[in-house]
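Okay, so here's the structure we're looking at.
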Amino acid sequence: MTGRTGPQLTAAQIAERVAATRKVLRERMGCSLTDEEFDQRSDVLANLYAVAAEKMHARRNTV
């Protein structure tokens, strides 16, 4: 089955991508949230994107 942008992901594939994203956030952004904390907060990803955007803007202004 295909979705709007390609094949529909299985639950296992989605779980793998979520785990990989969380690993990157922890390693590269110093995010210390546990899996449980990620799961409890529906807006965590939006907030992390906002933090990342702020960091990028700060870097641009110092270069």
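The values are calculated or read from the model by the stated rules, or taken from the named source; none is laboratory data. Worth saying up front: this structure is predicted, and the values here are computed from it rather than measured. Note: areas computed on protein heavy atoms with side chains; ligands, DNA, RNA excluded. Shrake-Rupley method; radii C 1.70, N 1.55, O 1.52, S 1.80 Å.
Suppose all protein chains stay in the model; what accessible area per residue would a 1.4 Å probe give for the chain, in Å²?
89 Å²
Need one number: convex hull volume per residue for the chain, Cα atoms only, in Å³.
123 Å³
Which value in deg cm²/dmol, rounded to the nearest 500, describes the helix-derived mean residue ellipticity at 222 nm for the chain, given -39,500 (n - 2.57) per DSSP H run of n ≥ 4 and division by the residue count?
-23000 deg cm²/dmol
Report the gain in length on full extension from E37 to Y49: 0.36 nm times residue separation, minus Cα-Cα distance, nm rounded to one decimal.
Contour length minus Cα-Cα distance gives 2.7 nm.
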